[in-house]
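The values are calculated or read from the model by the stated rules, or taken from the named source; none is laboratory data. Being a predicted model, the structure only gives us computed values, none of them experimental. Here the Cβ positions follow ideal geometry from the backbone for every residue, glycine too, while neighbour counts run over all protein chains shown. To get the accessible areas, we keep the full protein, side chains included, count just its heavy atoms, and leave off ligands, DNA and RNA. Shrake-Rupley method; radii C 1.70, N 1.55, O 1.52, S 1.80 Å.
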Amino acid sequence: MTENAGFQTVIDRHALPDQRGALLPLLHALQEEFGHIPQPAVPLIADALNLSRAEVHGVISFYPDFHTEPPARHVIKLCRAESCQARGGAAIEGELARHLGVAMGHARKDGQVALEPVYCLGLCAIGPNALIDGRPVARIDTAGVEAIAREVEA
Amino acid sequence: MTRVFISRDMASVALGADTVAEAFAKAGCEVVRTGSRGLFAIEPLVEVETDAGRIAYGPIGPGDVKAVLDGTHANRIGPIGEHPFFSGQQRFTFARCGVIDPLSMRGYAANGGWKGLDAAHALSPQEVVDAVKASGLRGRGGAGFPTGIKWQTVLDTPAHEKFIVCNADEGDSGTFADRMLMEGDPFHLIEGMAIAGHAVGARHGFIYIRSEYPFAVETMHEAIARAASRIEPFTLEVRVGAGAYVCGEETSLLDSIEGKRGEVRAKPPLPAIEGLWGKPTVINNVLSLSAVPFILAEGPQAYADVGFGRSRGTMPIQIAGNVKNGGLYEVGFGLTLGELVNQIGGGTASGRPVRAVQVGGPLGAYFPPSMFHLPFDYEAFAEAGGLIGHAGITVFDDTVDMAKMARFAMEFCAVESCGKCTPCRIGSTRGTELIDRIVAKAPRKADTVETLPQMRNAGTAARTHDEEIELLRDLCDTMKHGSLCALGGFTPYPVLSALDHFPEDFGSAHVHAAAAE
Ligand SMILES: Cc1cc2nc3c(=O)[nH]c(=O)nc-3n(C[C@H](O)[C@H](O)[C@H](O)COP(=O)(O)O)c2cc1C
Ligand code: SF4
Ligand code: FES
C-alpha cells in the first residue's frame, strides 16, 4: 500500500456523510495511526471534507496536540500548572531537563525522548505529575526523575 | 473467595493501584475495580468485603496483601464512612463514586441509578425545567449561571434539532471532579444528559473531554455503548479535545466540536439560541448535569435545602496543591476557606505554614490566610475580588514566590490565548515582560525614538518602580474590560490579587490598606 493510500483509508473511515464535525476525530485517528499528521495527508483531508488546505492547516496548528513531525520514541508530558508548582514542579522540570539533556518543549536530537509541557492532568494533590508515553506517574521526586530517565533511555 | 475493592481512577493508578490489584488477584481474591473515594493520601486504597461491611486499608502496596487479608495491617482505616475526611461530606453527586464498578449497569441500577431519568420521563419538559429552576442549581463550570434558566431558553426556542453538550474540558489546575465522576460513575453523567435532552427536546448530545484525560475518554465510550438502550431515543457521543485550554470556553468548545479552530465566538447570539451548527444548545459542565438526577429523584427542595445564600446544593470541592489531605470533598456551600484548607485539608503537605491559596483555577484569585474567614459561596468570593470557578483550591506554603505566580498567570494566558482579541493576545505577553522587569528591578528606559529631539513631549527618564507597578495595574484593567472572554478578562484576578496581598514579593512595601481596597 502506498503511503497516501494508508492515509486515505483512515480518512475514509471518518469523512462520512453523516459524521458532522469530522475534522478533529479524523486528525486524532491519523495521529494515532502514523504518530503525526504527515504533510501529504493535508490535501487529502481537505478534499475529503470539502475544506481548503489553509483551513485544515489552521486547525492542525491551533491545537497543541497535533504534530506535523514524527514524535520522539518516548514522550514525557510534564505538568507545569499551579498545583504541581506548589509541590515543587519547577525544580523537577529542571532536573528532568538536565537528566535527559533536552529543554522543555523540545525533542532530543537523537529522537529518543521529547519533554512536553502539559497544563494539568487532574491529579493535582499528588504532584508533580507526568504522563510517560501515556502512563500517569505521580509524586515525582529526584529518585522518580532518575527512574524516568532510565526508562526512556532503554 | 474474598472480594476486595480497588480504585481504577487515574490518580490511584498513578500511585500504583494496578500492581496492588494484580497482587490481590494473584492471592485468589475477587478484585472489583471502582472509582476513587477521593482522598489521595490513602491511595492505593483497598476495601475488603466482610460480614461487618467493607473495611478499608490504605495506602497499601503490593507486598501488603497478607496483612490486609488477615486484618493486621497498620494502615487499617475501618469503614470508610467513619474516616474524618468522609464523615462530614454530603455526597449528592458523588454518592456512588468509589462504591460501585463504574461500568456495571446492574450496579448502577441497584444503587439508585436511573431514578432521576424515570422521574423526568413521567413529567412534561416544562415540569423538568421547573424542577431544575426550583432547585436553585447554578452552573458548576465557573460562571454560576442558573441552569434552569438556560434550559428554559433552549426549551422555548423552536428548532428541528437541538443539542446537549457536556463541557468536560476541565482545564483548571487544581480541579479533577469532572474526571473522577466520568471515571467513577459515568452512567450518572449520561443520566443527567438524558434528562436534559428530555427537558429541552434534544435528541443528541456530545461530551467534549480533554485529551489529557485518556481514562475518562475510554470509560465514557464504554459506558455510552452499554447505556444506549436505556436512554433511547437520546443518543450520545464523545469528542476529544486537543490540548487547548481555551476550548473549555463554551463557544470555543462548540467551534472545536464543529471541527474548527477553537476561537471564542462573540455573544450574542447565546449558544442556547444559536449554538452547535447554529442550533439551540444546552452547554453545561459535567457537575451541573450530574446534579440533575438527584434533583429529579429526590425533589428540588431536597437539593435547595442545602447551601448558603444564593449558592444552593452541594459543591464537589477539590483540595489540591501542597496540602496534606488533598482530594474531593463534596459538601453544601458555606464552609469557610480556612475550614477547607486547615481542618479538612490538614494544612500543607510540606508541614510549613500556608502562605496563599488560589481558588478557581488559573483565572482565580490568590488569597492569604487573613482571608480564610470567607465562606465558600459565589457572592462572597466575587465580593472579595475572586471567584469560586470550578471549586478547585490550590494550597501553597511559605516558599512560594507570588511574583512568579503572577508572571505564570500572564504566561499561561499568552500560551493559551485563542488570539481573537488584542488585550489578551498581546497584553499577556507584555504583562509577562513587565513582571520580569519589575522583579529584576530594571524599569523600562526611554527607547531610541523617544529620545529623538523632535519627540519633545516624550518622557526620557527611566520609569520608577512605582510607575511600572502602576502600568501593570493599568494593563490588567485593559485586559479585564477589553477582552472578549474570561481568559483575557480574568487573568488579572491572579495577577492583581498577588500584587495586592503580597506586594513584598514584587519589591514593594506591604501596605495593609492597599490590600483592603
Ligand atoms: C477560558 C475559559 C475556560 C473554561 N473552561 C471550562 C471548563 O474546562 N469546563 C467548564 O465546564 N467550563 C469552562 N468554562 C466556562 C464555560 O464557558 C461555560 O460557562 C460553562 O461550560 C457553562 O456550563 P455551566 O453553566 O454548567 O457552568 C471556561 C470558560 C473560559 C472563559
Ligand atoms: S480573551 Fe483571549 S482567549 Fe478570550 S477571546 Fe480574547 S483572545 Fe481569545
Ligand atoms: S496541576 Fe499538575 S496535575 Fe493538576
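Residues in region A:138-154 that are among the basic types (K, R) and in a helix (DSSP H, G or I): 1 in all.
Scanning region B:249-265 for residues that are more than 11 Å from chain A (Cβ to nearest Cβ) and open to solvent by less than 30 Å² (accessible area, probe 1.4 Å) gives B:T251, B:L253, B:V264. Restricting attention to region B:131-159, which residues are more than 14 Å from ligand 1 (Cβ to nearest atom) and in contact (Cβ under 8 Å) with a residue 60 or more places away in the chain? Residues satisfying the conditions are B:A131, B:A134, B:T157, B:A159.
As a summary of the residue check, B:H373 satisfies the conditions (1) of a type outside the set (D, E, K, R); (2) under 30 Å from B:R352 (Cα atoms); (3) open to solvent by less than 30 Å² (accessible area, probe 1.4 Å) except for the one numbered (3). Residues of region A:55-76 that are within 13 Å of another protein chain (Cβ to nearest Cβ) and open to solvent by 60 Å² or more (accessible area, probe 1.4 Å): A:E55, A:H57, A:S61, A:P64, A:H67. Would it be correct to say that B:E237 is within 10 Å of chain A (Cβ to nearest Cβ), in a strand (DSSP E or B) and open to solvent by 10 Å² or more (accessible area, probe 1.4 Å)? When the stated conditions are applied, B:E237 passes them. Within region B:265-276, which residues are more than 10 Å from ligand 1 (Cβ to nearest atom) and either in contact with a Ser or Thr (Cβ under 6 Å, 6 or more places away or on another chain) or at positive phi (or both)? Passing the criteria: B:R265, B:A272, B:I273, B:G275.
Inspection of region B:62-69 finds no residue satisfying the criterion of being within 21 Å of A:A138 (Cβ to Cβ) and basic (K, R).
What are the residues in region B:362-400 that are of a type in the set (D, E, K, R) and more than 21 Å from A:A125 (Cβ to Cβ), if any?
B:D377, B:E379, B:E383
Counting only helices (runs of 4 or more DSSP H) wholly contained in region B:417-502, the ones carrying 1 or more residues that are open to solvent by less than 70 Å² (accessible area, probe 1.4 Å) and away from ligand 2 (no atom under 16 Å from the Cβ) occupy B:427-440, B:465-482, B:492-501.
Among the candidates A:I92, A:I126, the residue that is within 14 Å of another protein chain (Cβ to nearest Cβ), under 23 Å from B:E170 (Cα atoms) and among the aliphatic types (A, V, I, L, M) is uniquely A:I126. Note on region B:7-30: residues that are touching a strand residue (DSSP E or B) at 6+ places or on another chain (Cβ under 7 Å) and either crowded, with 24+ Cβ neighbours inside 10 Å or among the hydrophobic types (A, V, I, L, M, F, W, C) (or both) amount to 10. A search for C-beta distances below 8 Å between a residue of region B:473-487 that is within 14 Å of chain A (Cβ to nearest Cβ) and within 17 Å of B:C418 (Cα to Cα) and any residue that is more than 9 Å from ligand 1 (Cβ to nearest atom) and open to solvent by 30 Å² or more (accessible area, probe 1.4 Å), counting only pairs 6+ apart in sequence or on different chains, returns nothing. Do you know which residues across region B:266-290 are open to solvent by 30 Å² or more (accessible area, probe 1.4 Å), of a type in the set (G, A, S) and more than 16 Å from ligand 2 (Cβ to nearest atom)? If the condition is that a residue be open to solvent by 30 Å² or more (accessible area, probe 1.4 Å), of a type in the set (G, A, S) and more than 16 Å from ligand 2 (Cβ to nearest atom), then B:G278 is the only one that fits.
Within region B:140-165, the set of residues being among the small types (G, A, S) and out of contact with any strand residue (DSSP E or B) (no Cβ under 6 Å at 6 or more places or on another chain) comprises B:G142, B:A143, B:G148, B:A159.
Scanning for something crowded, with 17+ Cβ neighbours inside 10 Å, within 12 Å of chain B (Cβ to nearest Cβ), without any contact (Cβ under 8 Å) to a residue 40 or more places away in the chain and at positive phi, does region A:7-22 turn up at least one residue? Yes: region A:7-22 contains one or more residues that are crowded, with 17+ Cβ neighbours inside 10 Å, within 12 Å of chain B (Cβ to nearest Cβ), without any contact (Cβ under 8 Å) to a residue 40 or more places away in the chain and at positive phi.
Screening B:T251 against (1) away from ligand 1 (no atom under 13 Å from the Cβ); (2) out of contact with any helix residue (DSSP H, G or I) (no Cβ under 7 Å at 6 or more places or on another chain); (3) among the hydroxyl-bearing types (S, T, Y) leaves a single unmet condition, (1). Quick one: is B:K420 within 14 Å of chain A (Cβ to nearest Cβ) and touching a residue at least 60 places away in the same chain (Cβ under 8 Å)? Yes, satisfied.
Residues that are in a helix (DSSP H, G or I), more than 16 Å from ligand 3 (Cβ to nearest atom) and free of Cβ contacts under 8 Å to residues at least 40 places away in the same chain are absent from region B:175-191. Scan region A:20-41 residue by residue and report those that are farther than 19 Å from B:G262 by Cβ, outside any helix (DSSP H, G or I) and not small (G, A, S). Within region A:20-41, A:H36, A:P38, A:Q39, A:P40 meet the criteria. B:D397 passes every criterion in (1) more than 11 Å from chain A (Cβ to nearest Cβ); (2) within 16 Å of ligand 3 (Cβ to nearest atom) apart from (1).
Each row is one residue, and each column tells you yes or no for (1) assigned by TED's automatic domain parsing to the domain that holds B:E416; (2) within 16 Å of ligand 1 (Cβ to nearest atom); (3) closer than 19 Å to B:I388 by Cβ.
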site	(1), (2), (3)
B:E263	no, yes, no
B:G278	no, no, no
B:T281	no, yes, no
B:A291	no, yes, yes
B:F294	no, yes, no
B:R312	no, yes, yes
B:V331	no, no, yes
B:G334	no, no, yes
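Checking each residue of region B:31-49 against the condition of being assigned to a loop (DSSP other than H, G, I, E, B), open to solvent by 20 Å² or more (accessible area, probe 1.4 Å) and in contact with a Cys (Cβ under 9 Å, 6 or more places away or on another chain) gives at least one match.
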